[in-house]
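Just below is one structure, and these are the notes that go with it.
The values are calculated or read from the model by the stated rules, or taken from the named source; none is laboratory data. Everything quoted here is computed from the prediction, not taken from an experiment. Every residue, glycine among them, receives a Cβ derived from its backbone with ideal geometry; neighbour counts consider all protein chains shown.
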Amino acid sequence: MTARFRHDTDGVAEADWANQPWLEDLPRLGLPAPHSTVVVLAAHPDDESLGAGGLIATAAEAGHRVVVLVASDGEGSHPDAVSLSADQLRSVRRAEVAEAVARLGASVELILLRLPDGQLAGCHEAIGDAVLDALGAGPAWLITPWLDDGHPDHAACDQAAAAVAAGRPDVRHFSYPIWWWHWARPDAVSPAQRGSGRRFPLSEVAQQAKRAALASYRSQTAPLGSAAGDQPVLSARFLEHFDRDHEIFFDRGQHPAGQLGYFDTLYATSTDPWELAERPYEQRKRDIVLSCLPQPRFQRGFEPGCATGELSVRLAERCAELLCTDVSPAAVVHAAARLREQPHVQLDVGRIPVDWPAGWFDLIVLSEVGYYCEDLAALADRISTSLTEDGTLLLVHWRWPAADHPLTAETVHATIRERTGLQLVVAHSEADFLLEVLSRSGRSVAQRDGLVR
């Protein structure tokens, strides 16, 4: 349903949004895997900078190929303007978007589709074809205006892009709100909207680049002239929504595991949703995990995503101290029952990478949890800063497609190796799962044992 609003009214104050705890609690979104393309679609010049300017700047700085598609020239922004005609405004806004995108990143590609402003609902095919061309081959992120933003052109872009993404399983689709911040009631956001929300943190450099880009849009933020129809479209009050240290995106891929409470629902129907205790496959995999650890004992281990504690029990035998966490309180209760005779094991509720524990670890085990973590850059950073100089990282993940896995095992392992710089010690690959053991030195088990120099 399209909301009815006026841009020249006060709208919702940014302070009202800032007081919403659920925005702070949204899962954190990081950059895509290395070598992925990022395509940002805008209905009008300035949409890209308002909704995703920080992401564009961050992705470009990280070396991703970034393409900005602008569907219309935004010539309809001032229908009653006296100082500029629609044709003149079209030229002004083309120049402004070129300046803005250049300020977000010198490598960012800009493509102007020059479709009619206000009539994008009739341009689905043209928008879809342009999106498909920009995505190219290989994994990509597609960032679009939001379907529920309250603007028909924004909805048209989202719908056209969603049709393309539906046929590309290697493309993640996210949407950014713009006018929603102006007209929506912060205390009336639906559970579905909250569940699909993602928070993308911005560095100070990215924030500065976004501010510089928005400053390029003088035709939208300052009067064109003195007549009533020449007044700015984007007020200072409205722009406060976009001067944050983060951006909000809605996950259109609907990955179930990203929804708040997803794992609690699983544990409400079963105390062991994945049958970890009984399946021979799981028992064998645990045996392989334990046999691949390069040393018999560790001082302090960390196992996030411990589930019911089946692997935790085995790891506890190899660690002087062991910390286990899970995003589901129900899972932690079950794990605590399994480990009640192990006083050196601590259990807590937490979601990685946000709730990463303090201190150092000489063993970190990421078992069937990395493909749920969309902020792999932050995860790699947490690992790097908490792993001891001679510490061990073990990664093990299911390889078959799964509807609730936003990422693949290969993506998780390759990204963490690249971002941490850790060296491969053990590699075990079979059709069902991928296992890798990494360390800073890359020393083999024989080298650790003094058999080889």
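Return yes or no: is A192 more than 30 Å from H35 (Cα to Cα) and either in a helix (DSSP H, G or I) or not assigned by TED's automatic domain parsing to the domain that holds R114 (or both)?
Working: more than 30 Å from H35 (Cα to Cα): yes; either in a helix (DSSP H, G or I) or not assigned by TED's automatic domain parsing to the domain that holds R114 (or both): yes.
Considered against the rule, which asks whether it is more than 30 Å from H35 (Cα to Cα) and either in a helix (DSSP H, G or I) or not assigned by TED's automatic domain parsing to the domain that holds R114 (or both), A192 comes out as yes.
Please list, ordered by first then second residue, the pairs with beta carbon atoms under 8 Å, 6 or more apart or interchain, first in the stretch 388-400 and assigned by TED's automatic domain parsing to the domain that holds P169, second part of a strand (DSSP E or B).
The qualifying pairs do not exist here.
Results for (1) farther than 28 Å from V426 by Cα; (2) over 19 Å from the mean Cα position of the chain (by Cα), shown as yes or no for each residue.
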site: V332; (1), (2): yes, yes
site: R340; (1), (2): yes, yes
site: Q346; (1), (2): no, yes
site: R351; (1), (2): no, no
site: P357; (1), (2): no, yes
site: F361; (1), (2): no, yes
site: C373; (1), (2): no, no
site: L379; (1), (2): no, no
site: S384; (1), (2): no, yes
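Kindly indicate the residue of the stretch 312-330 that is surrounded by fewer than 24 Cβ atoms within 10 Å (Cβ to Cβ), aliphatic (A, V, I, L, M) and at pLDDT 95 or above and also nearest to the chain's Cα centre (by Cα) among those meeting that condition.
Selected residue: L323.
Would you check if there is a residue in the stretch 10-31 being over 30 Å from A192 (Cβ atoms), out of contact with any Lys or Arg (no Cβ under 7 Å at 6 or more places or on another chain) and assigned by TED's automatic domain parsing to the domain that holds H154? Step through it out loud before you land on a result.
Keep residues of the stretch 10-31 that are over 30 Å from A192 (Cβ atoms), which gives none.
No - not one qualifying residue is present in the stretch 10-31.
Can you spot a residue in the stretch 283-303 that is within 30 Å of L142 (Cα to Cα) and outside the structural domain of P201 (by TED's automatic domain parsing)? Break it down stepwise before answering.
Kept after step one, since they are within 30 Å of L142 (Cα to Cα), are these residues of the stretch 283-303: none.
No.
So that you can scan it fast, the table gives a plain yes or no per residue for (1) more than 16 Å from I56 (Cβ to Cβ); (2) in contact with a strand residue (DSSP E or B) (Cβ under 7 Å, 6 or more places away or on another chain):
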| site | (1), (2) |
| --- | --- |
| L132 | yes, no |
| G136 | yes, yes |
| L147 | yes, yes |
| Q159 | yes, no |
| A165 | yes, yes |
| S175 | no, yes |
| A213 | no, no |
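I'd like to verify a number: residues in the stretch 398-432 that are closer than 17 Å to V369 by Cα and either touching a Phe, Trp or Tyr at 6+ places or on another chain (Cβ under 6 Å) or polar (S, T, N, Q) (or both), how many? Talk me through it step by step, then tell me what you get.
Residues of the stretch 398-432 closer than 17 Å to V369 by Cα: 398-417, 432.
If we keep only those that are either touching a Phe, Trp or Tyr at 6+ places or on another chain (Cβ under 6 Å) or polar (S, T, N, Q) (or both) as well, we get 398-399, 405, 407-408, 411-412, 415.
Residues in the stretch 398-432 being closer than 17 Å to V369 by Cα and either touching a Phe, Trp or Tyr at 6+ places or on another chain (Cβ under 6 Å) or polar (S, T, N, Q) (or both): 8 in total.
Conditions tested, residue by residue: (1) within 22 Å of the chain's Cα centre (by Cα); (2) under 19 Å from H151 (Cβ atoms); (3) in a strand (DSSP E or B); (4) not assigned by TED's automatic domain parsing to the domain that holds V233.
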{"position": "G53", "(1), (2), (3), (4)": "yes, yes, no, no"}
{"position": "I56", "(1), (2), (3), (4)": "yes, no, no, no"}
{"position": "L69", "(1), (2), (3), (4)": "yes, yes, yes, no"}
{"position": "S83", "(1), (2), (3), (4)": "no, no, no, no"}
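Scanning the stretch 338-360 for residues that are surrounded by 17 or more Cβ atoms within 10 Å (Cβ to Cβ) and basic (K, R), which turns out modelled with the highest pLDDT?
Taking the candidates together, the pick is R338.
Starting from residues that are of a type in the set (D, E, K, R) and at pLDDT below 85, keep the ones in the stretch 1-24 and report whichever is farthest from A161 (Cα to Cα). Quick ask: steps written out before the conclusion?
Filtering the stretch 1-24 for residues of a type in the set (D, E, K, R) gives 4, 6, 8, 10, 14, 16, 24.
The next check asks that each one be at pLDDT below 85; those that pass are 4, 6, 8, 10.
Values: R4: 23, R6: 26, D8: 29, D10: 31 Å.
Across the stretch 1-24, the extreme among qualifying residues is D10.
Looking at the stretch 92-107, which of the residues that are of a type in the set (A, V, I, L, M, F, W, C) and buried (at least 22 other Cβ atoms within 10 Å of the Cβ) is nearest to L214 (Cα to Cα)?
Step by step, filter the stretch 92-107, then rank; the result is A100.
Could you identify the single residue in S72, S83 that is at pLDDT below 95 and more than 19 Å from R199 (Cβ to Cβ)? Full working, then the answer.
Details: S72 fails: at pLDDT below 95.
From the options S72, S83, the qualifying one is S83.
Does the stretch 53-60 include one or more residues that are over 30 Å from R168 (Cα atoms) and surrounded by 19 or more Cβ atoms within 10 Å (Cβ to Cβ)?
Narrowing the stretch 53-60 to residues over 30 Å from R168 (Cα atoms): none.
Within the stretch 53-60 (the criterion being over 30 Å from R168 (Cα atoms) and surrounded by 19 or more Cβ atoms within 10 Å (Cβ to Cβ)), the answer is no, since none of the residues qualifies.
Within the stretch 199-299, which helices (runs of 4 or more DSSP H) (wholly inside it) include 3 or more residues that are hydrophobic (A, V, I, L, M, F, W, C) and buried (at least 17 other Cβ atoms within 10 Å of the Cβ)? Steps first, please.
On the way: elements: 204-215, 218-221, 236-239, 262-269, 280-292.
Because the criterion is at least 3 residues that are hydrophobic (A, V, I, L, M, F, W, C) and buried (at least 17 other Cβ atoms within 10 Å of the Cβ), the helices (runs of 4 or more DSSP H) in the stretch 199-299 that meet it are 204-215.
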